[in-house]
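Enquirer: What follows is a structure written as structure tokens; I'll ask about it next.
A short reminder: the numbers here are calculations on the coordinates, not readings from a lab. What you are looking at is a predicted structure, and each value in this text was computed from that prediction instead of being measured. Note: ideal-geometry Cβ built from the backbone for every residue, glycine included; neighbour counts use all protein chains shown.
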Amino acid sequence: MAQFFYNFKDGIPAVNSSAGPAPGLSRFLALNTTNYYQEYAKSSLGLDVWQKNPDGVASTFNFSGAYTWGPTGITAANVECLAKLVYLHYNGGGYTNDGPGFYARVSGQPSDNQNYYELQSAGTVTTASSFFRKRVAGTSTELGSGSGGINKSVPVWYRFQVTGTTLRMRSWNDGTTEPTTWGHTVTDSSISAAGYFAFGALGASGTGYGTSAGTRYRLFQLSFGTDGDAAPSTLTRVVAGTLLKPDGGAANGYLVRCYCRSTGALLGETLANSIGAFSFTVNITDNVYCVGIDQLGNSWNAPVKDLITPSV
């Protein structure tokens, strides 16, 4: 069980166009990429991803082959994905199946086009619906559609989930309450083994695409939860360790303050226990540092034994 969180809105983590949008996320090929590529642009608002037609030929154009992103080297049988995004540009020719989507139980990374489950939205940008598909030994089969009325022209949340033989998803506009029921559910037992998982705005296929064909969306945040853990909507990360005095002894009962290394913002303070141990719960992905303060008010950049800052 594990959780993974990427908050692109805060400008963290950085973009790596050769391997994916962020450290820890691996870009991997799910289908073919004939006449298809992606560009990235990063700002404090979020991660902009543009799927484009590279040759500019106004003819049959297939960008259903997609690069998608999931945690590097991580597999799970049961997984949940939560994403917040908005579509900035859409020009899909004669077909409007433009994502976003989620892959689960993918049998290979970095490249697999043979076995996986796919959950995706389709239809026009302002009135999209959702559908499920399985691909077994290279053969794709639709598993049904539903959950209409998704408006991707405004910021939208998506929650995708594959648990046991159940695939389901729901969506809601940002600023509204998440529904308590699932908008679309199907069951299938074709693929049960643990596999890789990933998110991506999958593409369209059809005719009439020209030089401006493509889809651009802005991803604000993305998270995953595996094998029983929920995909978190906010980052929860534990920073823990043992505070040491300047002479190397345990600083029992001393005040400890935790700061963001890049901005200097105070994230929290606590008292070290009888053996100098302390912990903080923070909601940033940036590096942190700790400062110790003794009973006389003297402070120092605290040496910390076994500082633990697990990512989620």
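Enquirer: Tell me, what ³J(HN,Hα) does each residue in region 160-175 have, in order and in whole Hz, if you take phi through Karplus 6.51 cos²θ - 1.76 cosθ + 1.60 with θ = phi - 60° and put x for Gly and Pro?
Expert: Going residue by residue, I get 10, 8, 10, 9, x, 9, 10, 10, 7, 8, 8, 9, 7, 5, 4, x Hz, with x marking Gly and Pro.
Enquirer: Next question. Would you please calculate the Kirkwood hydrodynamic radius of region 128-206 over all C-alpha pairs and express it in Å, rounded to one decimal? Write out the running numbers ahead of the final one.
Expert: Numbers: mean 1/r = 0.0708 Å⁻¹.
One decimal place: 14.1 Å for the Kirkwood radius.
Enquirer: While we're on this one: Find out how many positive minus negative residues lie around ASP188, taking Lys and Arg as positive, Asp and Glu as negative, among other residues whose Cβ is under 15 Å from that of ASP188. Could you put the intermediate results ahead of the total?
Expert: Numbers: positive: ARG105, ARG133, LYS134, ARG135, ARG168; negative: GLU118, GLU142.
Overall, the nearby charge balance is +3.
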